[in-house]
Amino acid sequence: MNAPSPVTPAAPITQDLLTIPRKLPETARRNLVGLTRAQLHEALIEAGTPERQAKMRVGQIWQWIYHWGVRDFAQMTNLAKDYRALLAERFEIALPEIVTRQISADGTRKYLLRINGGHEVETVYIPEESRGTLCISSQVGCTLTCSFCHTGTQKLVRNLTAGEIVGQVLVARDDLGEWPKPGAPKDETRLVSNVVLMGMGEPLYNFDNVRDAMKVVMDGEGISLSRRRITLSTSGIVPEIAKTAEEIGCLLAVSFHATTDETRDRLVPVNKKWNIETLLNALRDYPRLSNSERITFEYVMLDGVNDSDEDARRLVRLIRGIPAKVNLIPFNEWPGSPYRRSSWERIEAFADIVHKAGYASPIRTPRGEDIMAACGQLKSATERGRKSAAQIAAEARA
Ligand code: SAH
Ligand code: SF4
């Protein structure tokens, strides 16, 4: 396997700074983005839509918002004028605001988005030759404190609403200009072809909103992303894993990162609650319950911590019997990070052992490093950190 070439900006990084009002205007109108079909149905009836028409109106409005990317009720031309006025009075179609957008030399785009309450989250778009992946956030900050993760140094501020999660997908499609043009031939190439819940936060600690948001994203009358093009990454919140299979059915990635409880306790502290054995037992059932093929084991390569040949051999023994692939993630440094990335030779030797045991073991190419958009580098600068660099280093040594 070839080591990815280091990312050196070939072109200057562009950064658009948009001016934003300091105080967002208060609005009493309800945002329709992120409502499930059932919630939208109820909202329309509450606003005075006759019950016998409500189902049809849901279908029409849904298509305008999620298929055509329309944000203004006045453009919903298959609805009567009076009805459009009523909708505009009661509802809005509101998205998170882009505060900054940075474009890396490798084409990766990082958006800093402002949501209600003035909080900020990051969303990253990663273009590749045959697909484009949008990495979205599920929380502002994170309650967990994985010692190698930048987001983990930030306090949990709050869960994102379903609307804010779906909103990230809509913002990216707006920015990329990815909405169908009426009358134009159907374009099958998708810019946002995959969604990964690998941004800020632990998605399974915000289960209901993540589920509702993914239902909207998967709906065939709108954005229509197949459940096999959505990957949810979890640090291993065991009680929610079977629920994810049953209620979302997307692909699952697990932040595994270590092959002994001792090391995993240190890297992913939630392991003290649900250890490796408990986690693996929950994972064994996932492919059957979700009707998906295999689980991705994410494994961050930390120099001298979890990257030995012995670790690689232990890893394949542990996951035996689980349909799996192992995604090796070269550690991405962040200011004050207490670890170093394993050498390319080490990563390749590790990958080789896993591969020879019969598991695909791709090495994830770091993308957008020059704009701090790579895995584990996300953190909103405006939120107060909970740990100093010295504290982080002391914990990692412990
Ligand atoms: N909270 C979820 C999803 C967000 S993290 C989870 O932990 O799975 C997305 C992925 O990036 C996880 O596999 C995480 O372990 C990894 N990651 C975090 N910090 C990293 C870093 N500094 N370098 C490389 N990968 C990192
Ligand atoms: Fe939270 Fe995931 Fe980072 Fe751990 S790796 S601190 S669970 S975002």
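The values are calculated or read from the model by the stated rules, or taken from the named source; none is laboratory data. Please read all numbers here as calculations on a predicted model, not as lab measurements. Virtual Cβ from ideal backbone geometry, glycine too; neighbours counted across all protein chains shown. Please note that ligands, DNA and RNA were not included when accessible areas were found on the heavy atoms of the full protein model with its side chains. Shrake-Rupley method; radii C 1.70, N 1.55, O 1.52, S 1.80 Å.
Values as computed for the structure displayed
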{"quantity": "Given K55/K81; K273/K325; K243/K356, the pairs whose alpha carbons are separated by over 21 Å", "calculated": "K273/K325; K243/K356"}
{"quantity": "Positive dipole terminus of region 128-231, leading residue within G141, S130, W179 (C-beta point charges)", "calculated": "G141"}
{"quantity": "Residue with peak Gaussian network fluctuation, the chain [Cα springs, cutoff 10 Å], from A324, A28, A88", "calculated": "A28"}
{"quantity": "DSSP-defined beta bridges in the chain - what % are antiparallel, rounded to 5", "calculated": "50 percent"}
{"quantity": "Förster radius 45 Å - calculated FRET efficiency between R228 and T77, Cβ distance, rounded to 0.05", "calculated": "0.85"}
{"quantity": "Relative contact order (percent, whole number), the chain, Cα cutoff 8 Å, 6+ residue spacing", "calculated": "17 percent"}
{"quantity": "Computed [θ] at 222 nm, helices only, for the chain once each DSSP H run of length n ≥ 4 contributes -39500 (n - 2.57)", "calculated": "-9000 deg cm²/dmol"}
{"quantity": "Hull-based mean projected area of region 148-203, where the convex hull spans the alpha carbons, in square nanometres", "calculated": "5.4 nm²"}
{"quantity": "Degrees, to the nearest 10: 51-62 long Cα axis against longest axis of the chain", "calculated": "50 degrees"}
{"quantity": "Percent of C-alpha pairs per 20 Å bin, the chain, short to long", "calculated": "26, 56, 16, 1"}
{"quantity": "Rounded to 10°, Cα long-axis angle of helix 309-319 versus longest principal axis of the chain", "calculated": "50 degrees"}
{"quantity": "Descending principal axes extents, region 58-193, alpha-carbon based, whole Å", "calculated": "56, 37, 23"}
{"quantity": "Cα Rg, Dmax (largest Cα-Cα span) when computed across region 209-299, Å", "calculated": "13.9, 48"}
{"quantity": "With every protein chain in place, the chain: carbon and sulfur % of accessible area (1.4 Å)", "calculated": "50 percent"}
{"quantity": "Inter-site label distance for T143 and K356 at 7 Å from Cα along Cβ, in nm", "calculated": "4.3 nm"}
{"quantity": "Karplus-derived 3J(HN,Hα), 6.51/-1.76/1.60, for each residue of region 219-233, Hz, glycine and proline x", "calculated": "3, x, 8, x, 5, 6, 8, 5, 5, 7, 10, 10, 10, 9, 9"}
{"quantity": "Most to least packed among 206-213, 291-298 [average Cβ atoms within 10 Å]", "calculated": "206-213, 291-298"}
{"quantity": "Helix axis angle, 37-46 relative to the chain longest principal axis, alpha carbon, degrees", "calculated": "30 degrees"}
{"quantity": "Cut-off under 5 Å, modelled amide H: who pairs with V99 long-range", "calculated": "L112, L113, R114"}
{"quantity": "Per residue, in Å², the accessible surface of the chain once ligands and nucleic acids are set aside, probe 1.4 Å", "calculated": "46 Å²"}
{"quantity": "Among H67, F297, G199 the positive-end extreme of the charge dipole of the chain (Cβ point charges)", "calculated": "H67"}
{"quantity": "Placed amide H near N327: partners under 5 Å, 5+ positions off or other chain", "calculated": "F297, E298, Y299"}
{"quantity": "Share of alpha-carbon pairs per 5 Å distance bin for region 269-341, given as whole %", "calculated": "3, 13, 20, 22, 21, 12, 6, 3, 0"}
{"quantity": "Amide H partners (placed H, <5 Å) of R367, local residues excluded", "calculated": "C375"}
{"quantity": "Estimated vicinal HN-Hα couplings, Hz - region 265-282 in sequence order (Karplus 6.51, -1.76, 1.60; Gly, Pro = x)", "calculated": "4, 7, 7, 10, x, 5, 4, 5, 8, 10, 7, 4, 5, 4, 5, 4, 5, 5"}
{"quantity": "Euclidean distance of C-alpha centroids, region 201-247 and region 304-374, integer Å", "calculated": "25 Å"}
